[in-house]
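One structure is given here, and the rest of the page talks about it.
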Amino acid sequence: MKTAPFSATQLRESVIAVPPLARNASLAICEQQNRKIIRFLEAGGIRSLLYGGNAVLYHARLSEYASLLQMLGDIAAHETVVVPSLGPAFGLAMDQAEILREHDFPTAMLLPSRDAVDQIGIATGVRKLAEAVGKPLVLYLKFDRWLKPELIKSLEEDGVISWLKYAVVRDDPAQDDYLKEVLDVFPAERIVSGIGEQPAIIHLRDFGVGGFTSGCVCVAPVKSMQMMHAIHAGDYETAEKIREWFCPLEDLRNEINPIKVLHRAVELAAIANTGPIQPMLSDVTSEKAAKIREALHQMQSSA
């Protein structure tokens, strides 16, 4: 695992993969199957891994957190950056921060919550958690106006933000006043598009953000990396063709549930046995699994 301090260049060097977390039948984290996922991604050129929503860390047990961090650090290759998540509850995050301090991860992402929070409280929590971890954190903007730009600016001035994951879903990603306002107060090269391949071209080309995260990269890392390189090279025609290639699976994620579909897609693509999904989520039905299998077949046949 790469332990060097965060550099904005990392956000341009690799698509940031957001993998599922494989568990066995008893819901214990399975090192063997997670190793398969990471090795598959690394073989496809991925050098940045973010464990958060797709790994269902919202519902992870505190008692398994230290072993999870140890596993990720042991499995990842020397040049692979790994970003674990903490939270979303403040009390849980503070306990996790104590564990994170004992490891060499360059940063960690705070999972967002809309329950029992307010603007000033979020900003205060981010400061306290960054202090507890001993490093700047990744700020995850998943909800519109979750944190006011002036508070983001204040956190940036205080040096507690590593980078931003911007993942507010819009009907038209080109029309996004909140993203524009965030860009007024935070460096674009340290913001990543956080909703996969679908809005990535617009976010990188039109708003100038540094990179993008992806879940679907977990079934096709080479394709996703090709798309990233095409965008950076200004070859938007090639990038658009690849974006469209991902649509069968992305459309199902939008239709059913992004976490549940990706969790099962990685297994149906014969990459690893991801096992049961962590409650409080339920697995996809056999009918929906058939749709995922068909989407993967459609993508592979047009590769």
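Some points to look at:
- Test: residue in the range 142-152 that is among the hydrophobic types (A, V, I, L, M, F, W, C), farther than 23 Å from TYR51 by Cα and not in a helix (DSSP H, G or I): no
- Extreme residue, surrounded by the most Cβ atoms within 10 Å (Cβ to Cβ), among residues of the range 179-203 that are touching a residue at least 40 places away in the same chain (Cβ under 8 Å) and assigned to a helix (DSSP H, G or I): ALA200
For every residue, the table says whether it meets (1) under 17 Å from HIS78 (Cβ atoms); (2) more than 18 Å from the chain's Cα centre (by Cα).
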{"position": "LYS2", "(1), (2)": "yes, no"}
{"position": "SER7", "(1), (2)": "yes, no"}
{"position": "SER14", "(1), (2)": "yes, no"}
{"position": "ARG23", "(1), (2)": "no, yes"}
{"position": "ILE37", "(1), (2)": "no, no"}
{"position": "PHE40", "(1), (2)": "no, no"}
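- For the range 153-178, filtering for residues that are within 22 Å of ALA132 (Cα to Cα) and either charged (D, E, K, R) or part of a helix (DSSP H, G or I) (or both) leaves 7.
- Close pairs (8 angstrom Cβ cut-off, 6 or more residues apart or separate chains): more than 19 Å from PHE212 (Cβ to Cβ) in the range 130-143, of a type in the set (S, T, N, Q) anywhere: LYS135/THR107; LYS135/SER162; PRO136/THR107; PRO136/SER162; LEU137/THR107; LEU137/SER162
Residues are listed down the side, and each one gets a yes or a no for (1) closer than 30 Å to PHE40 by Cα; (2) modelled with pLDDT of 95 or more; (3) among the hydrophobic types (A, V, I, L, M, F, W, C); (4) in contact with a Pro (Cβ under 9 Å, 6 or more places away or on another chain):
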position	(1), (2), (3), (4)
LEU62	yes, yes, yes, no
SER67	yes, yes, no, no
VAL81	yes, yes, yes, yes
GLY87	yes, yes, no, yes
ILE99	yes, yes, yes, no
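- Of the criteria (1) surrounded by fewer than 19 Cβ atoms within 10 Å (Cβ to Cβ); (2) part of a helix (DSSP H, G or I); (3) hydroxyl-bearing (Ser, Thr, Tyr), which one SER224 fails: (1)
- Count of residues meeting criterion [buried (at least 19 other Cβ atoms within 10 Å of the Cβ) and β-branched (Val, Ile, Thr)] in the range 227-247: 2
- Qualifying positions in the range 216-248 - of a type in the set (Gly, Ala, Ser) and over 25 Å from ASP177 (Cα atoms): ALA220, SER224, ALA230, ALA233
- Residues (of a type in the set (A, V, I, L, M, F, W, C), in contact (Cβ under 8 Å) with a residue 60 or more places away in the chain and surrounded by 17 or more Cβ atoms within 10 Å (Cβ to Cβ)) located in the range 268-301: ILE271, ALA272, ILE277, LEU296, MET299
Here's the yes/no breakdown for (1) out of contact with any Asp or Glu (no Cβ under 8 Å at 6 or more places or on another chain); (2) under 21 Å from ASN24 (Cβ atoms); (3) among the charged types (D, E, K, R); (4) at pLDDT 95 or above:
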| site | (1), (2), (3), (4) |
| --- | --- |
| GLU237 | yes, no, yes, yes |
| CYS247 | yes, no, no, yes |
| LEU252 | yes, no, no, yes |
| VAL266 | yes, yes, no, yes |
| GLN278 | yes, yes, no, no |
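The values are calculated or read from the model by the stated rules, or taken from the named source; none is laboratory data. Fair warning: this is a prediction, and the values are worked out from it, not measured in the lab. For neighbour counting, all protein chains shown are included, and Cβ atoms are generated from backbone atoms with ideal geometry for every residue, glycine included.
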